[in-house]
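Engineer: Structure incoming, see below.
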Amino acid sequence: SQTLFQSPDEGWQVYTSAQAPDGKCLCTAVIPVQGSCSRDLRSHQLRQLMEKVQNISQSMEVLDLRTYRDLQYVRNTEALMKGLDSRLKVAAESQKSLNAKSFQELKDKMTELLPLMPVLDQYKSDTRLIVHLKEEVRNLSGSLLAIQEEMGAYDYEELQQRVLMLEARLHACMQKLGCGKLTGVSNPITIRASGSRFGSWMTDTMTPSADTRVWYMDGYYKGRRVLEFRTLNDFVTGQNFVQHLLPHPWAGTGHVVFNGSLYYNKYQSNIAVKYHFRSRSVLVQRSLPGAGYNNTFPYSWGGFSDIDFMVDESGLWAVYTTNQNAGNIVLSRMDPQTLEVLRSWDTGYPKRSAGESFIICGTLYVTNSHLAGAKIYFAYYTNTSSYEYTDIPFHNQYSHISMLDYNPRERVLYTWNNGHQVIYNVTLFHVIKTSGEL
């Protein structure tokens, strides 16, 4: 097998595993949260060197300013020192001239020179700093030489361009991959611990990767307050956020952000609401025909989780159930503009027995519990209207999951687990649909 990068933490990982009889390449791809360019070793070394150079430059500026200031002070005291020197010479030649008045004048002149002492002490300190800076420059020169030897004939800019081209090719390769089948879920990665036991958090599932906003909705019952954080780092630190106050309260935790809008279930109803963040207004709301609400058909943990919105690579979906379907999970494809149901599937799986569910590439995956010991137990394939029972381990670290959603843009699972905001990387089995080199 061929590994293109070291690990999911560092970058893309593509394993060639087999070739199908029709010539298609079968491969497993592990996709990281972020790309690898920012973590390039040589780039990291050069950034460290640049930081050192900046520190040295700042120290030199401070040293130059202080030296100029102190030099001016020494020059200003030059006349005073010459006058004191002549008086001391006269006193040495004729001690008789040292009366009380002239002695007091000498003492006063000496007092005026006392501030010069700390300036001279500072010069001694600056001398030590200069010695330190010389050593830093020597070390920097050695580091640059070592990097130059590693790089050999390649210019750094050329190497950087080669890395960018490789990453672009890898992204293009992933675009060629057919929709993958879930084969594994990573250990949980805890992003933050905040809020109550139940809630939801998410990023937009469709916008460009430069948009890294995070939305946070604490609680499952009659909530209206949505926090929008500028970046994931701001979310981790709890700063730089704005607040949206929804015109209608929500029910459950099955919300999703798709192309700048929040889709959620209106409290005490089976109405789906589309709220646009930029205009701070509801664009459309529509009832889901026959869908149960108010804890009629929730997941096993309850919490008014009757209606669960989700997004995959193909668009917007809703998971719910009806009396007509005898409490089994209904999966519906929805028009994100009008909220009309385009097509529905009866999966045959009882919703009250499901811990949570999420959709990847048109396949609905269902966990058998919201508590510790849960696993991904059931998969329903909309392309063939068929299902199978699965046995994919799923580490429920904090023992109570109340929200689980797949983000197709980042290819990770977002989870709210007992007051902890957690993500999971996924391993998908892919079939490359078009020919071409990796």
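Engineer: Going by average Cβ neighbours within 10 Å, how do the peptides 286-298, 197-209 rank, with the highest at the top? Could the numbers behind the result be given before it?
Structural biologist: Numbers: 286-298: 17.9, 197-209: 19.5.
Ranking the peptides 286-298, 197-209 by packing returns 197-209, 286-298.
Engineer: While we're looking at this one, here's another question. What length, rounded to one decimal in nm, is gained on full extension from residue 78 through to residue 102, with 0.36 nm per residue of separation minus their alpha-carbon distance? The partial results should precede the final answer.
Structural biologist: Numbers: separation 24, 0.36 × 24 = 8.64 nm, distance 2.07 nm.
Extending this stretch completely gives an extra 6.6 nm.
Engineer: Pairs 222/274; 52/134; 222/375; 351/375: which are spaced more than 22 Å apart, C-alpha to C-alpha? All intermediate terms of the calculation are to be shown ahead of the outcome.
Structural biologist: Working: 222/274 17 Å; 52/134 13 Å; 222/375 30 Å; 351/375 16 Å.
222/375, as the Cα separations exceed 22 Å there.
Engineer: How much net charge surrounds residue 219 when only the other residues with a Cβ under 14 Å from the Cβ of residue 219 are counted, with Lys and Arg +1 and Asp and Glu -1? Don't jump to the answer; show the numbers that get you there.
Structural biologist: Details: positive: 197, 222, 224, 225; negative: 218.
The answer is +3.
Engineer: Here is a further query. Please compute the contact order of the stretch 308-360 in relative form: average sequence separation of alpha-carbon pairs under 8 Å and at least six residues apart, divided by the residue count, as a percent. Walk me through the numbers on the way to the answer.
Structural biologist: Working: 87 pairs, mean separation 16.2, N = 53.
The value is 31 percent.
Engineer: Which net charge results for the neighbourhood of residue 359, defined as the other residues with beta-carbon distances under 11 angstrom from its beta-carbon, given Lys and Arg at +1 and Asp and Glu at -1? Can you show the working numbers first?
Structural biologist: Working: positive: 333; negative: 308, 312, 313, 405.
So the surrounding residues net to -3.
Engineer: Using Cα centres only, tell me the gap between the stretch 179-242 and the stretch 369-414 in whole Å.
Structural biologist: 18
Engineer: Search the structure for amide H atoms under 5 Å from the amide H of residue 360, placed 1.01 Å from N in the peptide plane, and list their residues when 5 or more places away or on another chain.
Structural biologist: 365
Engineer: Report the gain in length on full extension from residue 259 to residue 385: 0.36 nm times residue separation, minus Cα-Cα distance, nm rounded to one decimal.
Structural biologist: Values: separation 126, 0.36 × 126 = 45.36 nm, distance 2.79 nm.
The span from residue 259 to residue 385 would gain 42.6 nm if fully extended.
Engineer: Quote the charge dipole size of the stretch 182-429 about the Cα centre in Debye, to the nearest 20; the model charges only the Cβ of Lys and Arg (+1) and of Asp and Glu (-1).
Structural biologist: Working: 19 positive and 17 negative charges, 128 e Å.
The dipole magnitude comes to about 620 debye.
Engineer: For residue 164, what accessible surface area do you get with a 1.4 Å probe? Give it in Å², rounded to 10.
Structural biologist: Result for residue 164: roughly 80 Å² accessible.
The values are calculated or read from the model by the stated rules, or taken from the named source; none is laboratory data. What you see is a predicted model, and the numbers here were worked out from it, not measured in a lab. For neighbour counting, all protein chains shown are included, and Cβ atoms are generated from backbone atoms with ideal geometry for every residue, glycine included. SASA here: full protein model, heavy atoms, side chains in, ligands and nucleic acids out. Shrake-Rupley method; radii C 1.70, N 1.55, O 1.52, S 1.80 Å.
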